[in-house]
1. Nearest 500 deg cm²/dmol is fine: what mean residue ellipticity at 222 nm does the chain get from its DSSP H runs of n ≥ 4 alone, each adding -39,500 (n - 2.57), divided by its residue count?
2. Ignoring solvent entirely, what values of log10 I(q)/I(0) come out of the Debye formula for region 19-148 at 0.14, 0.15 Å⁻¹ when each Cα is a single scatterer?
3. Among Ala151, Ala91, Ala51, which one shows the biggest mean-square fluctuation in a GNM of the chain, springs joining Cα atoms closer than 10 Å?
4. So what J values fall out for region 156-166 if you push phi through Karplus, 6.51 cos²θ - 1.76 cosθ + 1.60 with θ = phi - 60°, rounded to Hz, Gly and Pro as x?
5. Over the chain, what is the relative contact order in whole percent, taking alpha-carbon pairs under 8 Å and six or more residues apart?
6. At what distance in angstrom do the alpha carbon centres of region 138-172 and region 52-79 lie from each other?
7. Suppose each label sits 7 Å from its Cα in the direction of the beta carbon; what would the Arg172-Ala151 distance come out to in nanometres?
8. Using amide H atoms built in the peptide plane, which far-off residues or other-chain residues are under 5 Å from Val119 H to H?
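Every number in this text was worked out from the coordinates using simple rules, so none of it is lab data. Worth saying up front: this structure is predicted, and the values here are computed from it rather than measured. All Cβ positions, glycine included, derive from the backbone under ideal geometry; neighbour counts span all protein chains shown.
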Amino acid sequence: MGEHPVPESGTYEIDPVASSVNFRTRSVFGLIPVRGSFRIARGRIDVAGPAVKSTVEVRIGAGTFDSGVRRRDEHVRSGDFLDVATHPEIAFVGEGVEVGPGGTVLKGELTVRGVTGPVDVTVDSVAVDGPRLTVLGRAVVDRYAFGVTAAKGMAGRRLTVRLDVRATRAPR
C-alpha cells in the first residue's frame with residue numbers, strides 16, 4: 001500500500017484492548033480543547049491481494065465515550081448527542097484503499113445514530129511483525145453530517161480522530 005509494508009493476505013482480528021480511538025475537538029465557541037476516547041468493541045481487517053482491495057469492519061461502543069468529565073460524558077451519551085440507549089454502536093466499514101501523491105487513504109462509511117456517511121481514513125503508518133499488524137491513521141468527522149447537531153456553537157462540529165489499531169492474523 002504505497003510506501004507502507006504490505007501484510008500477508010488474510011483476515012486480521014482487531015484487538016480491542018490494545019487498540020485505541022482518540023479524538024480531539026473544541027467547545028465553548030472553539031475556545032476550550034476537548035480530548036477523549038472511545039473503545040473498540042470488535043473488528044477485523046481483511047487484507048486482500050492486491051492490498052488496495054482490502055476491507056475493514058469496526059464496531060465502537062458509543063457508550064464508551066470518555067472525555068474525563070463525567071457530566072459532559074453523560075450528556076454526550078444521552079439522546080441529545082449519541083443516544084446510546086437506541087444506538088449502542090458506532091460502525092465503520094472501509095472498502096478499498098486509494099494510494100496517491102497525498103498518501104494512502106482507506107475509503108469508508110461511518111454509521112452514527114443510524115445515519116451513514118462517507119469518511120476517509122488517512123493511513124499514517126503500517127507495521128508488520130509476523131502475524132501482528134499495527135495501523136495508525138486519522139480522520140476528521142463532521143458530527144452534523146450524522147445528525148448530531150445539539151449544542152451548536154458550544155460543542156465542536158468536527159472531531160479529529162486518531163486511530164491506533166492492533167490486529168493479529170486469524171488462523172487459516
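1. -1000 deg cm²/dmol
2. -0.68, -0.78
3. Result for the chain, Cα springs under 10 Å: Ala151 fluctuates most.
4. x, 7, 10, 10, 8, 10, 10, 10, 10, 10, 10
5. 26
6. Using only Cα atoms, the two centres lie 8 Å from each other.
7. 5.1
8. Gly108, Glu109, Leu110
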